[in-house]
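Student: First the structure, then my questions, so here it is.
The values are calculated or read from the model by the stated rules, or taken from the named source; none is laboratory data. All figures in this text were calculated on a predicted structure; none of them were measured in a lab. Glycine also receives a Cβ, built like all others from the backbone with ideal geometry; neighbour counts cover every protein chain displayed.
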Amino acid sequence: MKKCSVVIITHNEEKNIERCLQSVQGFADEIVVVDSFSTDATKNICLGFGVRFVEHAFEGYIEQKNYALAQANNDYVLSLDADEAIDDVLKRNLLSEKHKGFPFDAYEMNRSNYFCGRWIRHGSWYPDRKTRLTNRQKANWGGTNPHDKIIIQPQATLKRISGDILHYTYYTLEELTAQTNRFTTIQAQAMFKQNKKGGYVKLYLSPLAAFISSYFIKLGFLDGYDGFIIACSVSYNTMLKYAKLMHLWRDARKNP
């Protein structure tokens with residue numbers, strides 16, 4: 001049986017971190033929390049669970065998660081966010097793979113997102129598949145901030161297992177709106193640095209395509225009112241990202 005580390009990045013997560021840490025008890029051989037200098041009770045809660053608590057300045061989601069991955073003492077690492085937890089089915093299946101010595105290099109699982117009092121089961125937010133348990137020798141974090149993802153090497157083996165990561169995302173519409181505004185700013189800045197262009201075609205058509213995909217193709221309408229709100233938010237996120245990117249290019253042309 002191979003050992004497994006759990007790594008988590010945090011910043012002022014006193015509301016969520018205890019639930020996350022409790023969910024991996026009995027599975028994790030080591031828990032590493034990389035914190036970007038929280039000012040709330042996050043550190044005290046973590047130390048109460050006996051984790052290895054590392055403080056490191058935040059340089060971006062991808063950069064912080066790769067730093068956290070490097071802190072683990074074991075090759076197999078389960079990466080979680082502080083507002084996530086593993087459900088009982090996923091924990092049981094992870095333990096089964098652990099007892100078999102982790103025969104695969106990486107494991108993909110579903111993530112279920114919590115929105116205003118209920119779990120979303122359709123649309124763009126479910127199954128929301130994530131690769132989170134990996135052999136760190138064959139994977140690292142990539143993507144475009146803030147939407148990071150684990151990228152495994154081409155020759156690495158991947159298995160999909162049942163059970164959900166429970167993602168306690170938004171308790172109110174205000175939280176969704178604030179996060180959308182913050183994340184689209186980060187997205188636009190990352191795209192600008194990569195020399196990506198937006199344009200009016202993407203500004204007009206991409207939001208419409210995002211809504212149709214989320215609400216109709218991915219069956220978001222089965223989540224009722226919440227499914228409609230989420231499809232609208234996905235569309236708005238897409239529009240806002242490209243609008244901010246266009247403004248960055250406009251400012252760059254004015255101030256070369």
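Student: If only one of Tyr215, Tyr236, Tyr204 is at pLDDT 95 or above, loosely packed, with under 13 Cβ neighbours inside 10 Å and either touching a Leu at 6+ places or on another chain (Cβ under 8 Å) or in a helix (DSSP H, G or I) (or both), which one is it?
Tutor: Numbers: Tyr215 fails: loosely packed, with under 13 Cβ neighbours inside 10 Å; Tyr236 fails: loosely packed, with under 13 Cβ neighbours inside 10 Å.
None of the other options fit; the residue is Tyr204.
Student: Exactly one of (1) under 30 Å from Gln22 (Cα atoms); (2) out of contact with any strand residue (DSSP E or B) (no Cβ under 9 Å at 6 or more places or on another chain); (3) in the same structural domain as Glu97 (by TED's automatic domain parsing) is unmet by Ala178. Its number?
Tutor: Evaluating Ala178 over (1) under 30 Å from Gln22 (Cα atoms); (2) out of contact with any strand residue (DSSP E or B) (no Cβ under 9 Å at 6 or more places or on another chain); (3) in the same structural domain as Glu97 (by TED's automatic domain parsing) leaves (3) as the failure.
Student: Another question, then. Within the set of pairs 6 or more residues apart or between chains, which connect a residue that is at positive phi inside region 6-23 to a residue that is surrounded by fewer than 16 Cβ atoms within 10 Å (Cβ to Cβ) and of a type in the set (Val, Ile, Thr) with Cβ atoms less than 8 Å apart?
Tutor: Asn12/Thr39
Student: I'm told His147 meets every condition in (1) under 16 Å from the mean Cα position of the chain (by Cα); (2) at pLDDT 95 or above except one. Can you identify the failing condition by its number?
Tutor: Exception for His147: condition (2).
Student: Tell me, please, whether a residue that is of a type in the set (Gly, Ala, Ser) and more than 18 Å from Lys91 (Cβ to Cβ) can be found in region 159-170. Write out each step before concluding.
Tutor: First pass over region 159-170, keeping only residues of a type in the set (Gly, Ala, Ser): 162-163.
In the following step, the residues that additionally are more than 18 Å from Lys91 (Cβ to Cβ) were identified as none.
Within region 159-170 (the criterion being of a type in the set (Gly, Ala, Ser) and more than 18 Å from Lys91 (Cβ to Cβ)), the answer is no, since none of the residues qualifies.
Student: What are the pairs with Cβ atoms under 9 angstrom where one residue, in region 84-95, is under 13 Å from Met109 (Cα atoms) and the other, located anywhere, is small (Gly, Ala, Ser) and part of a loop (DSSP other than H, G, I, E, B)? Sequence gap at least six, or different chains.
Tutor: Partner pairs satisfying both residue conditions: Lys91/Gly26.
Student: So Lys196 ticks every box in (1) of a type in the set (Lys, Arg); (2) crowded, with 17+ Cβ neighbours inside 10 Å; (3) outside any helix (DSSP H, G or I) but one. Which box is left unticked?
Tutor: Against the list (1) of a type in the set (Lys, Arg); (2) crowded, with 17+ Cβ neighbours inside 10 Å; (3) outside any helix (DSSP H, G or I), Lys196 comes up short only on (2).
Student: How do the pairs read when you match residues in region 39-67 that are assigned to a loop (DSSP other than H, G, I, E, B) with residues anywhere that are among the hydroxyl-bearing types (Ser, Thr, Tyr), using Cβ under 9 Å and keeping only pairs 6 or more apart or on different chains?
Tutor: Hits for this filter: His56/Ser36; His56/Tyr67; Ala57/Ser36; Phe58/Ser36; Glu59/Ser36; Glu59/Tyr67.
Student: Is it the case that Ile152 is in the same structural domain as Cys20 (by TED's automatic domain parsing) and either touching a residue at least 24 places away in the same chain (Cβ under 8 Å) or under 20 Å from Tyr236 (Cα atoms) (or both)?
Tutor: Here the answer is yes, as Ile152 does meet what is asked.
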